[in-house]
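This report refers to the structure that appears directly beneath it.
Rule-based calculations on the coordinates, nothing more; no lab input. This structure is a prediction, so every number in the text was calculated from the model and none was measured. Here the Cβ positions follow ideal geometry from the backbone for every residue, glycine too, while neighbour counts run over all protein chains shown.
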Amino acid sequence: TKVLSLVLVLALSLCMFTACGKSDEELVREAIDGYMAAAKAADMKKAAEYCAGETYDAVIASAEEFTTGEYAEMLKEMMASIEYEINSVEVNEDTATVTYTVTAMNQDSESTLELEKIDGAWKIVGGV
């Protein structure tokens, strides 16, 4: 039974550190989904948590417009109506490019986001 227990522990350990973990593509998609959910809710401070560098700064700067700006309510309504679909995710080591389509006010627009893996987390660094 000791051998069986050891084998089971070893198998579970391998699972945790290899195949059972999420792929980088899945983690990139989760980062985009988190960012978009926060943006749709007009919670730009939360959206900024999915960003880094100048993109983080730009998203934080927009937070004031969404909360106290002259057009805050209109912006919130517009953001809530946006739909998106991720078209492709290309991961190259610690960088990723995501192509997605946004539908807003009955118009589709294809865009690209650039991400970097920073301290183990995927962060949007361009394209916002």
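Could you work out the relative contact order of the stretch 54-105, using alpha carbon pairs under 8 angstrom and six or more residues apart, expressed as a whole percent? Numbers along the way, then the final one.
Values: 42 pairs, mean separation 13.8, N = 52.
Computed over the stretch 54-105, the figure is 27 percent.
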message: Using the Cα centre of the stretch 11-128 as the reference point, and only Cβ charges (+1 on K/R, -1 on D/E), how large is the resulting charge dipole? Debye, rounded to the nearest 20.
response: 320
- line: Any lysines whose Cα falls less than 21 Å from that of K117, other than same-chain ones fewer than 8 residues away, would be K22, K45, K46
- line: In nm, the gap between the two label points placed 7 Å beyond Cα toward Cβ at I82 and S111 is 0.5
- prompt: Taking the Cβ-Cβ separation of V102 and T67 as r and a Förster radius of 22 Å, what is the calculated FRET efficiency to the nearest 0.05?
  reply: 0.50
